[in-house]
């Protein structure tokens with residue numbers, strides 16, 4: 001130990017800086033290897049052994065599809081067409097039954113929805129199913145998905 005002390009004191013400052021830099025680089029490389037090992041171990045524990053990696057999400061298509069890929073599905077309502085006077089638009093009355101918060105009695109609430117009907121297929125009195133969509137005009141936020149029952 002007595003021999004090592006004089007050598008370290010007599011070493012040039014440039015050589016000491018170089019060895020310190022090399023040691024720091026070696027320590028950083030060891031830390032990176034340890035981090036990679038921990039990450040790969042954690043990944044193997046989290047991944048199910050019988051399932052492969054999930055495929056990347058498909059490109060967004062122009063027409064929305066009813067699949068499990070979309071977590072927030074669009075609202076669907078059923079109602080009666082009360083007006084078809086406008087071109088490619090019908091007004092649908094949707095009846096909702098709710099319990100009164102204070103008295104508990106069931107109350108019917110009617111809501112008018114402006115619905116986009118591209119083919120003008122729905123007529124007054126038809127029972128139709130509508131689906132929520134992006135705003136199509138000032139009031140239209142719904143589109144016609146199907147005519148459930150024709151008026152008699």
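Looking at 77, 73, just one residue is at pLDDT 85 or above, under 23 Å from the mean Cα position of the chain (by Cα) and not in a loop (DSSP other than H, G, I, E, B), and that residue is 77. Number of residues in region 123-139 that are closer than 15 Å to residue 74 by Cα and in contact (Cβ under 8 Å) with a residue 24 or more places away in the chain: the value is 5. Within region 100-119, the set of residues being outside any strand (DSSP E or B) and loosely packed, with under 12 Cβ neighbours inside 10 Å comprises 100, 101, 102, 103, 104, 105, 118, 119. If only residues of region 120-145 that are more than 26 Å from the chain's Cα centre (by Cα) and part of a strand (DSSP E or B) are counted, the one that is surrounded by the fewest Cβ atoms within 10 Å (Cβ to Cβ) is 127.
The values are calculated or read from the model by the stated rules, or taken from the named source; none is laboratory data. Remember, it's a predicted structure, so these values are computed and weren't measured experimentally. Ideal geometry is used to build each Cβ from the backbone, glycine not excepted, and the neighbour counts take in all protein chains shown.
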